[in-house]
Amino acid sequence: MTDAIGRTLFRLFVSRRHLLEWVTAAYAKLSPRLGLYGFYRLMAGGVVIAIVAAIVVWCAGGDAWLVAAPFVVLWISSPAVARWTSLSPLAAGRLSVSEADARALRLVARRTWRYFETFVTVADHMLPPDNF
């Protein structure tokens, strides 16, 4: 988070460039999926901070190590946890939908599409009404 805050402040007050940096869903879909090494590479700053914290606690001595060890281990393993949480669920794409449910979903989709076709126009600056 510190990196993101630092970049934002630098862009706002110093460079005034790349203020609207974002990635489209299509581009994100085309980009390669990161493996465990990729997650550790992207989150290297946090891992380095965790290692430094472990060294500081170890050098301080005493019983602080017993309290800090679980947190340091979790902190160092955070890229692995981030990768695990970003994986698709095993059931994705395998769910079957009954004919009745498929028909009901198609009708909802058609009504939704008709709503936007009817009410979201250039005359309304492409803003849907909130009181229909």
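Coordinate-derived values only; no laboratory data. Since this is a predicted model, take the numbers as computed values, not measurements. Cβ sites come from the backbone with ideal geometry, for glycine too, and all protein chains shown count toward neighbours.
Using label points projected 7 Å from each Cα along Cα→Cβ, tell me how many nm separate His18 and Tyr37, to one decimal.
2.5
Please express the shape of the chain as an equivalent ellipsoid: the semi-axes are the square roots of 5 times the eigenvalues of the C-alpha gyration tensor, given largest first in whole angstrom. Before the final figure, lay out each step's value.
Working: eigenvalues 415, 133, 43 Å².
After scaling each eigenvalue by five and taking roots: 46, 26, 15 Å.
What do you get for the angle between helix 44-60 and the principal long axis of the chain? Use alpha-carbon atoms, 0 to 90 degrees, nearest ten.
30
In whole Å, what are the extents of the stretch 40-84 along the principal axes defined by its C-alpha atoms, from largest to smallest?
34, 17, 6 Å, listed from the longest principal axis down.
Could you check which residue among Tyr115, Tyr40, Tyr27 shows the biggest mean-square fluctuation in a GNM of the chain with a 10 Å Cα cutoff?
Checking each option, the largest mean-square fluctuation is seen for Tyr115.
Against the longest principal axis of the chain, how steep is helix 99-119, in degrees 0 to 90 to the nearest 10, with axes from Cα atoms?
So the helix axis and the longest Cα principal axis differ by about 80 degrees.
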